[in-house]
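The values are calculated or read from the model by the stated rules, or taken from the named source; none is laboratory data. From a predicted model like this one, the values you see are computed outputs, not experimental measurements. Neighbour counts run over all protein chains shown; Cβ positions are idealised from the backbone, glycine included.
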Amino acid sequence: MYLLREYTFPLLLAVTLHGAAVFALYSGWNPEQTRENIIQPRAVVANLLVLEPKAQAKPKPPPPKPAVQQQPKPAPAPAKPKPDPQIAERKRAEEAAKRAAEEAQREKARKEAERQERLARLSELAQTSLDEAIAQEDAALQAGTEEMVAQSYRLGIYELVRQNWSRPPSARNGMSAKLLVELIPTGELVAVSIVESSGNAAFDRSAEQAVRQARRFEVPEDNGVFERHFRQFYFLFQPEDLLR
Amino acid sequence: MPEQLSIFELIANASLLVQLVMALLVLASVVSWMMIFQRWFFLRRSLAEVDAFEDHFWSGIDLRKFYGELEGDEGLNGIENVFVSGFREFTRLSDQGGADADAIMQGVQRAMRVALTREEARLETHLPFLATVGSTSPYVGLFGTVWGIMNSFRSLANMSQATLASVAPGISEALVATAMGLFAAIPAVIGYNRFSARVEGLMKRYEAFSDELTTILHRAAHSKAAED
């Protein structure tokens, strides 16, 4: 009885305390998350650059920008040319005055007609440019979803290559090597070549090796998307987490 | 990379021995906290009782009456026990008659010493347990950690490619044991130091009181002997 009276409350307190500690650990402690953010920098930033289909020509194409860059821009309406108000009349003779007045009348009518016509043409132009803009926007929207699909596959490829890449000890910050990767629709690698060397042979080799080791990439089923984005693409290798 | 490892997953994935060590440490921690709370309340109450008792004792009350009040009481606290056992011995010996003043005083002192020893033991209950937890649980935790790391390195030996990712979870889960050991030990050590200091302070007051009582009883015994 004495024991019960003397120890129940302390035991309750102790258990509560430990429960609170466990709860605090459970709810507020996510060590891995913060550690992942701080200690694990990305080992490589490899950007996939899309090669435009027309740029498959012989000479190595200049590094194209990542896709989605053309924004629909409605064509600006042409400035309305101001007609020179040329209503200069010559008062040379009295008889001419009458004719001139007549002529002025005619001129006025002609100008009015001209103005009407120009107005009509302008509004037509505005209409067509609006249609064009809508069409362009639609296309861009479609291209946007396609770009999203391509981007997700790109991330997969990036991750695969990143895992395979073992940097040589001679790698330094600021180095970058650009590789041209060619695939076939099954995702298999057919060719990889160095487009821009980093200046360090070992680095270049390691980058090439990383791509070759993957051998097969996940690519979209859609043939059109594949052709546009994954038939040929550039891979940029940059070590970013080095301390030096 | 799998999802973030929570500390509970680490514990669940630990080997059996490490889990046992952890369970032991959690138990030690719970029990030592229980002791800490119990001692804390107990010692605080004892201090308040000493204050109240001394106030009462020195208020000029008649000692015989005071003794009569206390004697029938069941749950006497520390300093009251000292007083009652000393005074009881005194009344018994002096009522018996025939004993001289020095013999009475010797008896009284002995009785009070016994009471003091008993009170000291009562105050110090559980403190050895806290000391034990405080000094050994880091070692127990360390044992769990060493065992866990040993295993994680041993499994590393079988791998063809050693990566940090293959040892890190094992080491992490092993280190949880050390953390638990420290978690149990630190409050226990602090509690032990604090409570033993407080017990010492209380014992000083008990002893001082027993000396004062001895003086009073000594005076009484000798004046009585002079009367006879």
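Below, the figures for the structure above:
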{"quantity": "Number of positions in the range B:24-34 that are facing chain A (nearest Cβ under 10 Å) and in contact with a helix residue (DSSP H, G or I) (Cβ under 6 Å, 6 or more places away or on another chain)", "calculated": "5"}
{"quantity": "Condition broken by B:Val50, with the remaining ones in (1) within 30 Å of B:Leu76 (Cβ to Cβ); (2) within 11 Å of chain A (Cβ to nearest Cβ); (3) among the β-branched types (Val, Ile, Thr) satisfied", "calculated": "(2)"}
{"quantity": "Cβ pairs under 9 Å, 6+ apart, first in the range A:138-155 and more than 22 Å from A:Leu183 (Cα to Cα), second of a type in the set (A, V, I, L, M) and modelled with pLDDT under 80", "calculated": "A:Ala140/A:Val68; A:Gly144/A:Val68"}
{"quantity": "Lone unmet requirement of (1) modelled with pLDDT under 85; (2) farther than 23 Å from B:Ala208 by Cβ; (3) assigned to a helix (DSSP H, G or I) for B:Gly98", "calculated": "(3)"}
{"quantity": "Options B:Glu89, B:Glu119; residue that is touching a Gly at 6+ places or on another chain (Cβ under 6 Å), among the charged types (D, E, K, R) and within 21 Å of B:Ala221 (Cα to Cα)", "calculated": "B:Glu89"}
{"quantity": "Qualifying residue in the range B:202-221 (condition: more than 25 Å from the chain's Cα centre (by Cα), over 30 Å from B:Gly78 (Cβ atoms) and of a type in the set (Ser, Thr, Tyr))", "calculated": "no"}
{"quantity": "Any hit, the range A:113-136, residues being in a loop (DSSP other than H, G, I, E, B), charged (D, E, K, R) and in the same structural domain as A:Phe217 (by TED's automatic domain parsing)", "calculated": "no"}
{"quantity": "Odd one out for B:Tyr139, checked against (1) surrounded by fewer than 17 Cβ atoms within 10 Å (Cβ to Cβ); (2) among the aromatic types (Phe, Trp, Tyr); (3) more than 26 Å from B:Leu10 (Cβ to Cβ)", "calculated": "(3)"}
{"quantity": "Restricting the range B:1-19 to residues that are in a helix (DSSP H, G or I) and free of Cβ contacts under 8 Å to residues at least 60 places away in the same chain, the residue that is surrounded by the most Cβ atoms within 10 Å (Cβ to Cβ)", "calculated": "B:Gln19"}
{"quantity": "Test: residue in the range A:183-198 that is among the small types (Gly, Ala, Ser) and in a helix (DSSP H, G or I)", "calculated": "no"}
{"quantity": "Residue identified as farther than 17 Å from A:Pro168 by Cβ and assigned to a helix (DSSP H, G or I) among A:Arg205, A:Arg228", "calculated": "A:Arg228"}
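Every residue, every condition in (1) within 14 Å of chain A (Cβ to nearest Cβ); (2) touching an Asp or Glu at 6+ places or on another chain (Cβ under 7 Å); (3) of a type in the set (D, E, K, R); (4) crowded, with 21+ Cβ neighbours inside 10 Å, yes or no:
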site	(1), (2), (3), (4)
B:Met22	yes, no, no, yes
B:Trp40	yes, no, no, no
B:Lys65	no, no, yes, no
B:Gly72	no, no, no, no
B:Val82	no, yes, no, yes
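To keep it simple, each residue is scored yes or no on (1) surrounded by fewer than 15 Cβ atoms within 10 Å (Cβ to Cβ); (2) away from chain A (no Cβ under 13 Å); (3) in a helix (DSSP H, G or I); (4) in contact (Cβ under 8 Å) with a residue 40 or more places away in the chain.
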site: B:Asn151; (1), (2), (3), (4): no, yes, yes, yes
site: B:Glu173; (1), (2), (3), (4): no, no, yes, yes
site: B:Val176; (1), (2), (3), (4): no, no, yes, yes
site: B:Leu213; (1), (2), (3), (4): no, yes, yes, yes
site: B:His218; (1), (2), (3), (4): no, yes, yes, yes
site: B:Ala225; (1), (2), (3), (4): yes, yes, yes, yes
